[in-house]
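Below is one structure, written out as structure tokens, with a few remarks after it.
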Amino acid sequence: MKRVAIAGAGMTTFGEHFDKGIKELLPMAVSEALASVDKGIERSDLQAAWFGELATTDGFPSGVLADSCGLLDIPITHIENACATGNDALRNAFFAVSSGHVDVAIVVGADKVRDTSARSTFWDWMAMTRDMA
């Protein structure tokens with residue numbers, strides 16, 4: 001098994017971005033993550049992406065990431081697993097790199113939570129992660 005390292009990280013400023021959607025927030029986070037890599041990295045160096053998002057807000061998640069971040073020529077896998085979404089996205093990218101399937105991958109996580117009232121947000125999200133049958 002090949003050794004794996006997390007070479008960079010980025011995020012949007014923490015806050016209530018009522019004026020922005022996922023399509024505006026994703027490029028901000030991805031650009032910051034790429035800029036944080038000490039030895040430099042270009043989008044063209046990326047060979048695969050994993051995108052963790054629980055609530056689809058602006059369309060098909062993998063397509064939104066590809067289109068908004070210029071990642072049109074790599075496979076993008078959408079991961080959705082309630083509270084374990086981020087962990088699963090990172091784990092799957094780790095497996096792809098450690099197995100030698102890809103050399104460079106990016107993991108992105110995003111959710112736009114506060115477009116509903118603060119009072120109901122928690123219960124709205126709890127309802128999405130439970131079996132309703």
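Some notes on this structure:
- Helix 85-98 and the longest principal axis of the C-alpha atoms of the chain enclose an angle of approximately 10°.
- Among THR85, THR13, THR77, the sequence by solvent-accessible area, most first, with a 1.4 Å probe is THR13, THR77, THR85.
- Solvent-accessible area of MET28 with every protein chain in place, 1.4 Å probe, in Å² to the nearest 10: 70 Å²
- Solvent exposure of the chain amounts to 63 Å² per residue of accessible area, where only protein heavy atoms count and the probe is 1.4 Å.
- Chymotrypsin sites (Phe, Trp or Tyr not before Pro), loop per DSSP, at most 16 other Cβ atoms within 10 Å - longest free stretch of the chain: 19-133
- In the chain, helices alone account for a calculated mean residue ellipticity at 222 nm of -11000 deg cm²/dmol, with every DSSP H run of four or more residues adding -39,500 (n - 2.57).
- Structure remark: mean-square fluctuation, Gaussian network model of the chain, C-alpha springs under 10 Å; the largest value among SER120, SER36, SER44 belongs to SER120.
- Of the trypsin sites (Lys or Arg not before Pro) found in the range 38-98, the ones in coil according to DSSP and having at most 15 other Cβ atoms within 10 Å of their Cβ are LYS39.
- Summary: within the chain, the longest segment free of GluC sites (Glu not before Pro) located in DSSP loops with at most 15 other C-beta atoms within 10 Å is 43-133.
The values are calculated or read from the model by the stated rules, or taken from the named source; none is laboratory data. Since the model is a prediction, treat every value here as computed from it, not as a measurement. Positions of Cβ are generated from backbone atoms using ideal geometry, with glycine treated the same way; all protein chains shown enter the neighbour counts. Just the protein is used for accessible areas: all its heavy atoms, side chains included, with ligands, DNA and RNA removed. Shrake-Rupley method; radii C 1.70, N 1.55, O 1.52, S 1.80 Å.
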